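*Asks:* Mind looking over this structure? Questions follow.
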Amino acid sequence: MNRPLIELINVTKRYPGTIANDKVSMRVMPGAIHAVIGENGAGKSTLMKIIHGSVQPDEGQIIWKGREINFAPPQHMHALGIGMVFQHFALFEALSVLDNIHLSMPKEVARGETGNRAKAMAKRYGLMLRLDAVVGDLSVGERQQVEIIRCLLADPQLIIFDEPTAVLPPHAIDGLFQTIRSLAAEGRSVLYISHKLAEIKSLCHSATVLRGGQLVADVAIEDTPEQELAVLMTGRALPSYEHLPRTMGPVKLKVDRLSSEPRSHQEVQLNGVSFEVRAGEILGIAGVSGSGQQELFDHLSGERPSPRDDAVRIADTPVGRLSVLGRRQAGVAYVPEERHGHGAIPDLALDQNYLLSQFGTSTSWFNAMGLLKVESLRAAAQGCLRDFMVKAPDCSVTAGALSGGNLQKFIVGREFSKKPEVLLVSQPTWGVDIASSMFIRRSLVEIAASGCAIVVSSEDMDELLQICDRLVVMANGRTSPVVAAGNMDPLRLGLWMAGMFDDQSEPEVEVA
Amino acid sequence: MSARESLLAFSLEPRLLPSRWASRASPLLAMVVTATIAGAMFALLGASPLTGIQALLLSPINSASGISEVLLKASPLCLTAIGLSIAFKTSVNNIGAEGQVILGGIGATAVALHVPDSMSAWLAISLALLAGAAAGGLWAALPAWLRTRFGVNETLTTLLLVYVAVQLLSWLTTGPWRDPQGLNFPETRLFNANMTLPKLSDMGWSIWDGTRLNISAFFAVAAAVITQIFMTRSPMGFRLVVSGLAPRAAAYAGFSASTSIWAALSISGALSGFAGAVEVCGTLGQLQAGWVPGYGFTAIVAAYLGRLSAGLIVLSALLLALIDIGSTNVQMALGLPSAVSALLQGVLLLSILGLDLLVRYRIRRIA
């Protein structure tokens, strides 16, 4: 029986109000590619930081090559032979590749020697390396290779890859996998963190599944079908909520095969996104963040117009090519995910922030001389504070002075005040306290009851099930079929979140 | 590790809540610091500190003609700085106001040399000033076009266009516009009487008798008032402020980024051009190849010193004009070398910036 390279026993890490890792145990054998799977917030990152040494656990043991180590700082773990390739690279863009690598080398190694070693390393693993290129000029894939080489020069026994494909264009992924496989073939162990099940299935040998900070399962990848992994990952039986009956009107928003051209590698390409929302209905968009939700909202709000006019229709009028102002005129209102600097400006007073999304509406806030009607703006902003229970002394305080919950209530109230036909809401309760979250959810249901069509994107499945009539799942820039919220089950949700809805010829389930 | 720590024994930490009082008082404190350092410097040079400080801060404003000179110097500086504040608030780095001022002078001269002297003075001068503003605005629109069409950084292009403007000025004054009776000096003929800005003494303000003060000071105050209203109450002003603070929020509001860039650069260029026209039609009365306004660059300082707010910029422009004239007086009164003037301005700026830093940050000893 082989001895594990590293073993974690009952590792626990608490943060105020939450337990990030609750008695998690895990073992990684030499030469294994071991996956750590879980949804966002499952505790993957904390666990990796504990192994890397940058976070100290509260309880538990770490055994390295059969010897217990007392939670040591990163330098110590580094010296033992643990390296990590971070999702967000720590490279100096203005410096050359060689300088970046040389900075992480021990002092006694000469610059030329660093270059030779890096070249040898690149050759050994088939990596592209242009030592004198400036990092700022490199593609994301090339930068990742610099990070990998920098990590490998320390000759680590265990290498942690934190969602390495999240930033990579598809064609660069194969190369990365080959590198990882050859590392494992040499007897090094790899910890591979991801929520992309197809990748894990093709690359990894074994997996630890985390959910809500707890260890759910330790599985051998070979014996576990993808579906089972998906169910393990998303887990629990979905709660059911009673919905008050609402009358649905005509279709207010119709999205028809909406596709996009990404402007950078970080952007997800929308691919044939289609759904429709009726007056009085709330459609929920589920999915792991970064599956194209932000890009979808950019295209619905008009911040990114589409090439095709009929890709987006508001109340049967094609608006795909219209700008933000045109769409607002057609009745679109939008609560973005990011409050600071997108939905509101922290440095401006609340009344100015109220004005922010009023351009293009029928109400004019400027008098015959073209000057702002200060009093009526203030009265409107003050009314919004009152109606949506925003805790602020008055509308002259800056948006930055409000708590997340209060600012979010203000933004929802501001958007509702325009009596929109279609309300887009991204992450309605992200970073919002519980009381405000409940208030916002209740408001959204009331706004829908008043005849508005609402699209809500959220990573909180409970939230979506609580307020939505129907659900659609986004993965890799595509949308799943639309189902009634009550008909969503964990298995289907897990599969769809992993992007597996192609061969599912589910008939669209409409609510009466 | 320990070696590095002992080198960096102090660090700056941002203050959570910068005191409002301190931020208002810091320019005044900076004056006191400047006066103290200046006094010490005079003493080291063997001159009387009190005479020096008196010459620096009081002598420029102890007579009507002194005040008139400070106002004459402050007005174009103020106009230019107010224009720049609009660009800076939009986060557009127009650092080429100097060139836009020169173009303003050229625009005004183009009108002045070609308008008959029978035209009414008010119409003629209005035309010249408008031409100056238009020329400055167009000169600044060039970087706007380069930025919005090709993504060229406006910090670079606005600055480089200063040198083009200087060459243009030199070509015009040595070539097509050179005064045939001017003994070959590189300058245009003197403008007709209907082309010179009215002096306050000629308008019946007897306290300004014998001074050169013209109506440019009114323009500066008017520009400050209009800009304040424009930035706080007009849709375009709101758009510019939003674009400057948060580009993402501007896109959310429905404001196009390129419109804001065009507007910010054209407006700031037009105000600089207006300042140049005021200078050419006012104190100069002609266009000269050797004309180096200088305040195109000083205006950057004046704009930030005035915290990019039109009202405060009026004060900062007055302060900078006072120090400028005061340090020339110091030079003469104490018989000190001319470098003293630049040195004093440097001390003032450093004390202002240093105090501003201390308002926002605290110094902490690293344990």
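The values are calculated or read from the model by the stated rules, or taken from the named source; none is laboratory data. All values reported here derive from a predicted model rather than from experimental measurement. No Cβ is skipped: glycine too gets one built from the backbone with ideal geometry, and neighbour counts run over all protein chains shown.
*Asks:* Can you tell me which of B:Gly335, B:Gly290, B:Gly285 is more than 30 Å from B:Gly244 (Cβ to Cβ) and in contact with a Leu (Cβ under 8 Å, 6 or more places away or on another chain)?
*Replies:* After applying the criteria, what remains is B:Gly285.
*Asks:* Could you please find all residues in region B:88-102 being assigned to a helix (DSSP H, G or I) and in contact with a Leu (Cβ under 6 Å, 6 or more places away or on another chain)?
*Replies:* B:Phe88, B:Lys89, B:Ala97, B:Gly99, B:Ile102
*Asks:* Same structure again: Can you tell me which residues in region B:242-269 are out of contact with any Asp or Glu (no Cβ under 6 Å at 6 or more places or on another chain), buried (at least 21 other Cβ atoms within 10 Å of the Cβ) and facing chain A (nearest Cβ under 7 Å)?
*Replies:* Within region B:242-269, B:Val242, B:Ala246, B:Ala249, B:Tyr252, B:Ala253, B:Gly254 meet the criteria.
*Asks:* Pick from B:Phe191, B:Phe150: which is under 22 Å from B:Gln100 (Cβ atoms) and surrounded by 15 or more Cβ atoms within 10 Å (Cβ to Cβ)?
*Replies:* Of B:Phe191, B:Phe150, the one residue that is under 22 Å from B:Gln100 (Cβ atoms) and surrounded by 15 or more Cβ atoms within 10 Å (Cβ to Cβ) is B:Phe191.
Per-residue answers, yes or no, for (1) more than 8 Å from chain A (Cβ to nearest Cβ); (2) under 21 Å from A:Val374 (Cβ atoms); (3) surrounded by 19 or more Cβ atoms within 10 Å (Cβ to Cβ); (4) touching a His at 6+ places or on another chain (Cβ under 7 Å):
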{"residue": "B:Ala222", "(1), (2), (3), (4)": "yes, no, no, no"}
{"residue": "B:Val225", "(1), (2), (3), (4)": "yes, yes, no, no"}
{"residue": "B:Gln228", "(1), (2), (3), (4)": "yes, yes, no, no"}
{"residue": "B:Leu240", "(1), (2), (3), (4)": "yes, yes, yes, no"}
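*Asks:* Any idea how many residues of region A:458-484 are at pLDDT 90 or above, under 17 Å from the mean Cα position of the chain (by Cα) and among the charged types (D, E, K, R)?
*Replies:* Residues in region A:458-484 being at pLDDT 90 or above, under 17 Å from the mean Cα position of the chain (by Cα) and among the charged types (D, E, K, R): 1 in total.
*Asks:* Sticking with this one: Look through B:Leu284, B:Leu312, B:Leu213 and report the one residue that is in contact with a strand residue (DSSP E or B) (Cβ under 8 Å, 6 or more places away or on another chain) and at pLDDT below 95.
*Replies:* One residue alone meets the criteria, B:Leu213.
*Asks:* Restricting attention to region A:163-198, report how many residues are within 16 Å of A:His78 (Cβ to Cβ) and not hydrophobic (A, V, I, L, M, F, W, C).
*Replies:* So the answer is 2.
*Asks:* Restricting to region A:255-287, count the residues that are buried (at least 18 other Cβ atoms within 10 Å of the Cβ) and not aromatic (Phe, Trp, Tyr).
*Replies:* So the count comes out to 17.
*Asks:* Could you list all residues from region B:51-69 that are buried (at least 21 other Cβ atoms within 10 Å of the Cβ) and either of a type in the set (A, V, I, L, M, F, W, C) or modelled with pLDDT of 95 or more (or both)?
*Replies:* Result: B:Ala55, B:Leu56.
*Asks:* Taking only pairs six or more apart or across chains, which ones have beta-carbon atoms under 6 Å, a first residue in region A:385-403 that is within 16 Å of A:Ala344 (Cβ to Cβ), and a second residue that is polar (S, T, N, Q)?
*Replies:* So the pair list comes out as A:Val390/A:Asn406; A:Lys391/A:Asn406; A:Cys395/A:Gln382; A:Ala399/A:Asn353.
*Asks:* Inside region A:324-341, can you point out the residues that are facing another protein chain (nearest Cβ under 10 Å), surrounded by fewer than 19 Cβ atoms within 10 Å (Cβ to Cβ) and under 13 Å from A:Asp298 (Cα atoms)?
*Replies:* Within region A:324-341, A:Glu338 is the sole residue that qualifies.
*Asks:* Can you find a residue that is modelled with pLDDT under 90 and closer than 25 Å to A:Leu296 by Cβ anywhere in region A:360-367?
*Replies:* yes
*Asks:* Kindly provide the set of residues from region A:101-123 that are touching a residue at least 24 places away in the same chain (Cβ under 8 Å) and closer than 21 Å to A:Gln178 by Cα, ordered by number.
*Replies:* Scanning region A:101-123 gives A:Arg117, A:Ala118, A:Met121, A:Ala122.
*Asks:* Give me the helices (runs of 4 or more DSSP H) completely within region B:192-301, filtered to those with at least 1 residues that are small (Gly, Ala, Ser) and under 22 Å from B:Leu318 (Cα atoms), ordered by residue number.
*Replies:* Of the helices (runs of 4 or more DSSP H) lying wholly inside region B:192-301, those with at least 1 residues that are small (Gly, Ala, Ser) and under 22 Å from B:Leu318 (Cα atoms) span B:216-233, B:257-279.
*Asks:* Do you know which of the residues in region A:194-209 that are hydrophobic (A, V, I, L, M, F, W, C) and at pLDDT below 90 is surrounded by the most Cβ atoms within 10 Å (Cβ to Cβ)?
*Replies:* A:Leu197
*Asks:* Can you tell me which of A:Gly38, A:Gly17, A:Gly60 is assigned by TED's automatic domain parsing to the domain that holds A:Ile193, in contact with a Leu (Cβ under 8 Å, 6 or more places away or on another chain) and at pLDDT below 85?
*Replies:* A:Gly38
*Asks:* Now for a separate question. Do you know which residues across region A:334-350 are more than 23 Å from the chain's Cα centre (by Cα) and of a type in the set (A, V, I, L, M, F, W, C)?
*Replies:* Listed by number, the residues that qualify are A:Leu348, A:Ala349, A:Leu350.
*Asks:* Let me ask you something else. Looking only at residues that are within 14 Å of chain B (Cβ to nearest Cβ) and farther than 28 Å from A:Ala330 by Cβ in region A:398-411, which one is surrounded by the fewest Cβ atoms within 10 Å (Cβ to Cβ)?
*Replies:* So the residue we want is A:Ala401.
*Asks:* While we're on this one: Counting only residues that are touching a residue at least 40 places away in the same chain (Cβ under 8 Å), closer than 12 Å to A:Ile50 by Cα and not aliphatic (A, V, I, L, M), how many does region A:67-84 have?
*Replies:* So the answer is 0.
*Asks:* Separate question: Within region B:34-50, can you find the residues that are touching a Leu at 6+ places or on another chain (Cβ under 7 Å) and assigned to a helix (DSSP H, G or I)?
*Replies:* Hits for region B:34-50 are B:Thr34, B:Ala35, B:Ala38, B:Phe42.
*Asks:* Let me ask something else. Among the candidates A:Gln382, A:Gln358, A:Gln352, single out the residue that is within 28 Å of A:Ile285 (Cα to Cα), surrounded by 16 or more Cβ atoms within 10 Å (Cβ to Cβ) and either out of contact with any Pro (no Cβ under 9 Å at 6 or more places or on another chain) or of a type outside the set (D, E, K, R) (or both).
*Replies:* Residue meeting the stated conditions: A:Gln358.
*Asks:* Within region B:114-155, how many residues turn out to be touching a Leu at 6+ places or on another chain (Cβ under 6 Å) and outside any helix (DSSP H, G or I)?
*Replies:* 1
*Asks:* Hey, among the residues in region A:361-379 that are assigned to a helix (DSSP H, G or I) and surrounded by 14 or more Cβ atoms within 10 Å (Cβ to Cβ), which one's farthest from the other protein chains (Cβ to nearest Cβ)?
*Replies:* Per the criteria, the residue is A:Arg378.
*Asks:* What are the pairs with Cβ atoms under 7 angstrom where one residue, in region A:284-308, is within 13 Å of chain B (Cβ to nearest Cβ) and closer than 24 Å to A:Ser357 by Cα and the other, located anywhere, is surrounded by fewer than 22 Cβ atoms within 10 Å (Cβ to Cβ) and among the basic types (Lys, Arg)? Sequence gap at least six, or different chains.
*Replies:* From residues that are within 13 Å of chain B (Cβ to nearest Cβ) and closer than 24 Å to A:Ser357 by Cα, the pairs are A:Asp298/A:Arg304; A:Pro305/A:Arg321.
*Asks:* Could I ask something else about it? Test A:Tyr334 against the stated conditions and say whether it is modelled with pLDDT of 95 or more and part of a strand (DSSP E or B).
*Replies:* Judged against the criteria, A:Tyr334 is a match.
*Asks:* I've got another one for you. I want to confirm something. Restricting to region B:201-216 and keeping residues that are crowded, with 17+ Cβ neighbours inside 10 Å and touching a residue at least 40 places away in the same chain (Cβ under 8 Å), which single residue is farthest from the other protein chains (Cβ to nearest Cβ)?
*Replies:* Looking at residues that are crowded, with 17+ Cβ neighbours inside 10 Å and touching a residue at least 40 places away in the same chain (Cβ under 8 Å), I get B:Thr211.
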